[in-house]
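So the structure is just underneath, and the comments pick up after that.
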Amino acid sequence: MADQRQVRQERDSEAQQKKRPVFCATGFTIIAVGIIFGVIFWGGLNTGLEYTNRKEFCLSCHEMRIPYEEYKKTVHYSNRSGHEVSCADCHVPGSKTPGDYTRKVVRKIEASRDLWGHLTGSIDTKEKFEAKRKIMAEREWARMKSHDSKECRNCHQFERMDPEKVKKRSRIKHEEAVEEKMTCIDCHKGIAHKPVHLEEGEDAGDKPDAAPEEKAAKPEKQV
C-alpha cells in the first residue's frame, strides 16, 4: 500500500514538472504580445495626434481659412526671429509632462465639435462664422484660463521676462498680474485673431499684435 502511494506521488511530481514549462511559455507569450500591441497602439496614437496637429490638417477645413488670414497678420506668424507659432501651439496642449499628454487626448476629443460643425455646415460661410465667432472665442478663452494659459506659458514666462527690455506699462501690468494671480488670457485676448471682446467694450488689456506691414513702418529698437 505504501509502495503504491509512493509511486502515485512520484507520478504526480513528474506531471507537475512537465506542466511548468508550458505555463511559463504561455505567460511569456502573453507578456510579449501585450508589449508589442502596446507599442503599436501607443505609436499609432501618437502619430495620429501629431498628424492632426499640423497646420495643413487644420486648414483642410475651409472654415479655418477665415481665422488663418487674421493670424497671418500678427507677430505670431511673421516676426524678426523667423519663428512661426502654429495652430496647435496655442490650441492643443503640448507633451512636456504625462499630464499634458492626457490633456492633449481630451482636447482632440473636444475638437470633434469642429469636425461636426464642418460636416453640418454650421460655420461654412463667413456670415455663419461671424455669427458664432464670439461663442467660439469665449469657449476657447475659458479653456485656456482653466489651465492657467499653459500653451502661452510654454513660450512666455513672467519669471524669464527682463523688466529692462519691456515697456513700463507692460512691466507694471505683468507685476500686477503676478500679484493678483491672473493668467495670460485674462488680458491677452484677440492677439492672433479678431479681438471680438473689444466690440462689447471689455477691458482690452494689452492691444492685439500689430500686423507685420504696420510694424514695418516703425523701426525696431536695436538691443
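Where a number appears in this text, it was derived from the coordinates with a stated rule and is not lab data. Since the model is a prediction, treat every value here as computed from it, not as a measurement.
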Using only Cα atoms, locate the centre of segment 48-77 and the centre of segment 78-95, then give the distance between them in Å, rounded to an integer.
10
Any of K55/K134; K108/K181; K128/K150; K55/K150; K104/K189; K55/K104 with alpha carbons more than 25 Å apart? Name them for me.
K108/K181; K128/K150
